[in-house]
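Have a look at the structure below, then the notes.
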Amino acid sequence: MKTSIAIVDDHELMAKALSGLVQKYEEYEVIYEVGNGKELIKYVQLNMVPDIVLLDINMPEMNGYETALWLKNNYPKIRILALSMNDKEEAIVEMLRNGAHGYLPKGCKPYELKMALDSLVAKGYYYSEFVTGKLVKSLNPDTILNPVEALNLNDRETEFIKLACSDLTYVEIADKMCVSPRTVDGYRESVFQKMNVKSRVGMVIEAIRLKIVEV
């Protein structure tokens with residue numbers, strides 16, 4: 001079965017261009033295009049639920065921030081890829097905080113869109129170098145004195161975070177730390193709770209943001 005996509009953009013020409021591009025990919029199909037969040041909600045509530053939503057930010061009636069938050073609260077399984085001309089750090093951070101699973105500037109190359117869609121299907125998220133760079137720049141280090149202390153992380157949890165920010169598996173991390181995989185599972189659960197994240201990717205982004213690890 002093809003992955004279904006809804007396009008939410010108030011610029012009809014942009015929406016049509018996106019639709020035409022996506023339709024060229026065999027694995028995907030656009031099931032509808034709408035001009036704002038309110039129109040999307042009407043379709044979703046009629047049980048026309050897409051797998052992925054390509055979501056603009058600046059729209060009339062119901063913008064991308066509000067739409068992403070509504071989807072996060074009501075249909076969390078829908079993957080949201082934000083597409084916007086707005087590349088300011090604040091906009092990206094706000095969209096990710098409101099539930100977006102990825103972000104692309106509208107000036108991106110067609111292959112980047114395909115890469116993002118494939119990543120959303122395979123991993124559930126897409127964080128490009130562009131996005132992670134913006135997230136790092138959004139940090140004001142003067143406002144954070146000691147993130148490790150502020151989050152009440154102990155030495156072993158901090159060591160776990162640094163190792164988890166690599167491509168090591170959890171089993172390999174356990175070996176590096178000379179503990180059992182079950183102990184590492186305990187570190188992971190504790191760190192996720194303290195950092196208020198739900199995934200390893202979220203933890204890595206937060207660790208970079210807080211300068212717990214250096215990029």
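The values are calculated or read from the model by the stated rules, or taken from the named source; none is laboratory data. All of these numbers come straight from a predicted model, not from anything done at the bench. FYI the Cβ positions are ideal-geometry reconstructions off the backbone, even for glycines, and counts take in every protein chain you see. Surface accessibility is based on the protein's heavy atoms, side chains included, excluding ligands, DNA and RNA. Shrake-Rupley method; radii C 1.70, N 1.55, O 1.52, S 1.80 Å.
For the reader, a short list of remarks on this structure follows.
- Compared with the dominant principal axis of the Cα atoms in the chain, helix 181-195 is inclined by about 60°.
- Relative contact order (percent, whole number), segment 3-139, Cα cutoff 8 Å, 6+ residue spacing: 20 percent
- Ordered by solvent-accessible area of protein heavy atoms (1.4 Å probe), largest first, the residues 101, 11 come out as 11, 101.
- Atom-type composition of the exposed protein surface of the chain places 51 percent of the accessible area on carbon and sulfur (1.4 angstrom probe).
- Structure note, pairs 38/194; 72/162; 42/211: Cα-Cα distances above 32 angstrom occur for 38/194; 42/211.
- Cα gyration tensor category, rounded, prolate or oblate, for segment 3-139 with a/c compared to 1.5: rounded
- Multiplying the residue separation of residue 26 and residue 155 by 0.36 nm and removing their Cα-Cα distance gives an extension gain of 41.6 nm.
- Between the helical axis of 129-138 and the longest alpha-carbon principal axis of the chain there is an angle of about 70 degrees.
- Length gained on full extension, residue 1 to residue 112: 37.7 nm, using 0.36 nm per residue less the C-alpha separation.
- Of the GluC sites (Glu not before Pro) found in segment 170-211, no site is in coil according to DSSP while having at most 16 other Cβ atoms within 10 Å of its Cβ.
- Label separation (residue 16 vs residue 179): 5.9 nm, computed from points 7 Å beyond Cα along the C-beta direction.
- Accessible surface, 1.4 Å probe, highest first, among residues 208, 80: 208, 80
- Across 123/176; 16/198; 114/198; 24/77, pairs whose alpha-carbon gap is larger than 30 Å: 16/198
- Segment 11-25 - phi-based ³J(HN,Hα) in whole Hz, Karplus 6.51/-1.76/1.60, Gly and Pro as x: 8, 4, 4, 5, 4, 5, 5, 4, 4, x, 5, 5, 5, 6, 8
- Full-stretch length increase - residue 48, residue 192 - with 0.36 nm per residue and alpha-carbon distance subtracted: 48.5 nm
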